Amino acid sequence: MQSNNSLSRFLARSTRAFAAFALSAGVALGSTGAAHAQRVPIVRDAEIEALVRDYARPILKAAGLANSNINIVLVNDPAFNAFVAGRRIFINTGTLMTSETPNEVIGVLAHEAGHIAGGHQERLRDQLARAQTMAIVAALLGAGAMVAGAASDTNGLGAAGAGIMTGGSEMARRSLLGYQRSEEATADRSAITYLNATGQSAQGMLKTFQRFQSALSLSGARVDPYQVSHPMPRERIANLETLAHQSPNFGKTDSEALQLRHDMMRVKIAVYTQGQAAASRLLRNNAGGLAARYGDAQATYLFGDLRSALSKTDALIKSQPKNAYFHELRGDILMKSNKAAAAAESYATAVRLDPAKSGILPIQLGQAYLAVGTPDALKKAVIEVRKGLDRDRENAAGYRYLAQAYGMLGDVADADLATADGHYYSGAYQDAKIFAMRAQMKMPRGSPGWVRAQDIINYKAPSKKKK
Ligand SMILES: [Zn+2]
C-alpha cells in the first residue's frame, strides 16, 4: 500500500501521463504516439481549486461564458502563466504566489476571458478543449521539464523550473496561445467591462501587467511564459492605465474574507513547494495572523513534530470551526501519525463542511478507510472513493485507491476495472485496455462494468497526423 504522504499528494502527479500531442506550426496538435511513463506536475488541492473557481465564476458569467462546471488545473510551476481552454482554467502556482491580492488573479482571468469572448486563437482553443489535461500540461512544460520532473519526486518544483528554460519547451510555449497586439487591446477592454460588471477594480490587472512591462526592460530577468504569449508594449499599458482609472471601481479592494483565503492559499503553496522560510517571508507583515498560523501548522506537519502540528491545527479549528481545510489538515496529520480511524473522522468533517463539494476530500476519506482496513471500513472506502470520482472523474489516484479497496474485498473484477480506469485517465491507454479485458472476462456480458470496460477497449487515442 502506498504511504500517505501529504506532500506527495499535494504535488500529486499522475504516475503515467502521455505526451498526447506535440506542438508544431503553432496550431497543429497531434499525438507523439509513444506513451512514456512521465510525471505531470499537476497540483491537486481542494482549497486552492475552490478559491480559483470562486475568482473565475463571476468573471466568466459577465463574459457570457458561464459554465458551472469549471475545472481548475493547478500547474506546479514557479513561472507566471494562466490560460483558459474549454471548461478548464490552467494556472501556475507561480501566478498565485506572485499575486498579493485576489484582484490580481481575477484581473488576469478577466483578461483571459476577454481573449475567449473575442474569439482569439479559437482553433487552438478548440483543440485544447478536446485534449486531455495531462497532454496540455505536457505541451505547456515541454519534454525537458517532463523528464526532469520524473527524475525527482521530492524536488519536482526545481526540476520543472530547470526544464522550463530549455529551448525546446520555449518554442512550444511561444506557439501556445500567442496573441496579436490588437487582440491584447481588445482583451484588455473586455476585461475592464467584466470587472466593472462585477463591481471589481482593474487595479490588480494593471499592477500585474505593469510588473511584466518593467520586467521586460530588465536584461537578464526571467521571461515568464505569460509575457511571451501576451505582448506588453508600453502603449498598451498606458492605455490600460487610462481605462482602469476611469472605472468607478478603481479604488475598490477585495473583501477581507477573500483576502484571508488568498493569503492562506499563498502560504500553503509556499510551505509545500518552497518550505517554511519562504512561507514566513511571505507573511512577515502579519506574522500572528490566521494565514501565518496556518502556514506554521502545515510546516510543523511536514517538517516537524506531529503532536505539535495537531495542537496548532486544533487551535486553527477553534478560530474557524467551519473551515473544511483545517479539518483536512487535521486528517493529514492523523494519517501520518498512523491514526487512520481518527483521520477518517476529520476527513468526514471536511467532506461535510466543504462548500465546493470537491472530489478530492471524499477520496482522502476513502484512503483513510482503506488504511483502517477492516471489511466494514473497506466497504466505506469504496463508497467514498466512488463519491469522489463521481465529482472528479479524471482523478487517477482515486482509481488506484478504489482498485485497492476492491482488491482487499476480494472483488477482482471491479479492482481490474478501476485499474483500467486509472490508466485510462492517466492517458496510458495500452495498460487501460489490458486491465479492461481482464475485468470483462470476470463480468456478465452487458453489465454496466462490462460496458465501461468495452468503452475503454474501443477507445482510440488521438493519433498523429501523417505529414
Ligand atoms: Zn492577452
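At a glance:
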quantity: Square roots of 5 times each gyration tensor eigenvalue, C-alpha, the range 276-347, largest first, Å; calculated: 22, 14, 8
quantity: Rg/Rh for the range 258-297, where both radii come from Cα atoms and Rh is the Kirkwood radius; calculated: 0.91
quantity: Residue-span extension gain [S255 to S311] - 0.36 nm each, minus C-alpha spacing; calculated: 17.2 nm
quantity: Net dipole in debye of the range 344-413 [+1 Lys, Arg Cβ; -1 Asp, Glu Cβ; about Cα centre; nearest 20]; calculated: 100
quantity: The range 186-318: projected area of the alpha-carbon convex hull, averaged over directions, in nm²; calculated: 10.3
quantity: Estimated translational D of the range 224-297 in µm²/s (Stokes, Kirkwood radius over Cα pairs; 4 °C; 1.567 mPa s); calculated: 87
quantity: Of K61/K460; K357/K379; K61/K318; K380/K460; K61/K380, pairs whose Cα-Cα distance is over 27 Å; calculated: K61/K460; K61/K318; K380/K460; K61/K380
quantity: Pairwise FRET efficiency - R189 versus L409, Cβ, R0 = 51 Å, nearest 0.05; calculated: 0.30
quantity: Diffusion constant of the range 351-467 at 4 °C, which comes from Stokes-Einstein with the Kirkwood Cα-pair radius and 1.567 mPa s, µm²/s; calculated: 89
quantity: Chain lengthening between Q454 and K318 when straightened (0.36 nm per residue, less Cα-Cα); calculated: 43.9 nm
quantity: For the range 314-353 and the range 45-69, distance of Cα centres in Å; calculated: 26
quantity: Accessible area in square angstrom per residue, the range 322-453, 1.4 angstrom probe; calculated: 42
quantity: DSSP-loop trypsin sites (Lys or Arg not before Pro) across the range 414-449, with at most 14 other Cβ within 10 angstrom; calculated: R445
quantity: N71 long-range amide H proximity, modeled H, under 5 Å; calculated: R88, I89
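The values are calculated or read from the model by the stated rules, or taken from the named source; none is laboratory data. Not measured: the values here are computed from a predicted model. All Cβ positions, glycine included, derive from the backbone under ideal geometry; neighbour counts span all protein chains shown. Accessible surface areas use protein heavy atoms only, side chains included; no ligands, DNA or RNA. Shrake-Rupley method; radii C 1.70, N 1.55, O 1.52, S 1.80 Å.
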